[in-house]
1. Just checking, how many residues over the stretch 211-245 are without any contact (Cβ under 8 Å) to a residue 24 or more places away in the chain and of a type in the set (A, V, I, L, M)?
2. Out of curiosity, is residue 133 assigned to a helix (DSSP H, G or I), at pLDDT 90 or above and within 30 Å of residue 107 (Cα to Cα)?
3. Among the residues of the stretch 145-190 satisfying the criterion of being assigned to a strand (DSSP E or B) and under 30 Å from residue 107 (Cβ atoms), which is nearest to the chain's Cα centre (by Cα)?
4. Pick out the one residue from 154, 145, 199 that is loosely packed, with under 13 Cβ neighbours inside 10 Å and more than 29 Å from residue 60 (Cβ to Cβ).
5. For the stretch 176-192, indicate whether the set of residues that are in contact (Cβ under 8 Å) with a residue 12 or more places away in the chain, of a type in the set (D, E, K, R) and closer than 18 Å to residue 82 by Cβ is non-empty.
6. With (1) in a helix (DSSP H, G or I); (2) of a type in the set (A, V, I, L, M, F, W, C); (3) at pLDDT below 95 as the list, and residue 86 as the residue in question, which single condition is left unmet?
7. Exactly one of (1) more than 20 Å from the chain's Cα centre (by Cα); (2) of a type in the set (Ser, Thr, Tyr); (3) part of a helix (DSSP H, G or I) is unmet by residue 223. Its number?
8. Which of the residues belonging to the stretch 219-235 are surrounded by fewer than 17 Cβ atoms within 10 Å (Cβ to Cβ), within 22 Å of residue 154 (Cα to Cα) and out of contact with any Phe, Trp or Tyr (no Cβ under 8 Å at 6 or more places or on another chain)?
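The values are calculated or read from the model by the stated rules, or taken from the named source; none is laboratory data. Worth saying up front: this structure is predicted, and the values here are computed from it rather than measured. Here the Cβ is made from the backbone with ideal geometry for all residues, glycine too, and neighbour counts use every protein chain on show.
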Amino acid sequence: MNSEQSTDYDKPVAYDANGQPLYSHPATVQPQTQVSEPQSQAVHMVRPSEPDKQVISDAVMLKHNRSKQVYPSLNLSDGEYVISAVKRHPIGLFVPISVGIFLIAIAFSALFNFDLVILAFQLNSNKVSISLFIVPIILFILLVIVGTYVFYHIYTSNRFFLTNECVIQEIQTGLFTKLEQTVSLSNIEDASFTQIGIIQQIFDYGSIRLSTEGDETTYRFSYVSNPKYHIAILNNAVEAFRNGRPVED
């Protein structure tokens, strides 16, 4: 019988406390530990139901609330406020108001000089009733007053607003026809003004012109008081907005 008995490596050497067999033999060469490759794990990200709200300072909110009170018709976003509001120069009202006043003056002159009108047109005062003469003149005066006011309302309703985010232009072409155009400051490529003729130079009014990038759209606003001043403010706002600086009013 051989003194050296072969070791049976298929049989357990011992058992652990839980009764599980152990097969590790001291004489055996321990196999190299295999380094397990890292397994990729899927990472699940939860998207917020609402985007993070922009942090707005108290000073900006104060300007925003003030602009909402002064210009309730404007649809301002959170933190947006009006830097300047450009109105049309009153010289554009000179011709229509002058014509209206002239027509009303003629109507009142005819109304208070009934006898002279009858004599000038060689009418029979007995057949022409004063009521038939007064009523058309009064209606004519009312019509001229309403027409002049409508023109005044349409003219003054055209406005141009500069905010810390965009340019808003309100265009009134009729009594019940209104258009609003909004251009972001980031899309403005060029802003300039023009003054043509000695009248515009003397009364200091002109036209503002804006051109945008991409679609090459041009926006114009005429009869602007002191256009050089407003263009300077607009260019400063565009430069500050593009460089990420606060747009100051």
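1. Adding up the residues that qualify gives 2.
2. no
3. It comes out as 172.
4. 199
5. Step one: list which residues in the stretch 176-192 are in contact (Cβ under 8 Å) with a residue 12 or more places away in the chain, which gives 178, 180-192.
Going one step further and asking which of them are of a type in the set (D, E, K, R), we end up with 178, 180, 189-190.
Restricting the remaining residues to those that are closer than 18 Å to residue 82 by Cβ gives 180.
Yes; the residues of the stretch 176-192 include at least one that is in contact (Cβ under 8 Å) with a residue 12 or more places away in the chain, of a type in the set (D, E, K, R) and closer than 18 Å to residue 82 by Cβ.
6. For residue 86, the failing item is (1).
7. (3)
8. 220, 222, listed by residue number.
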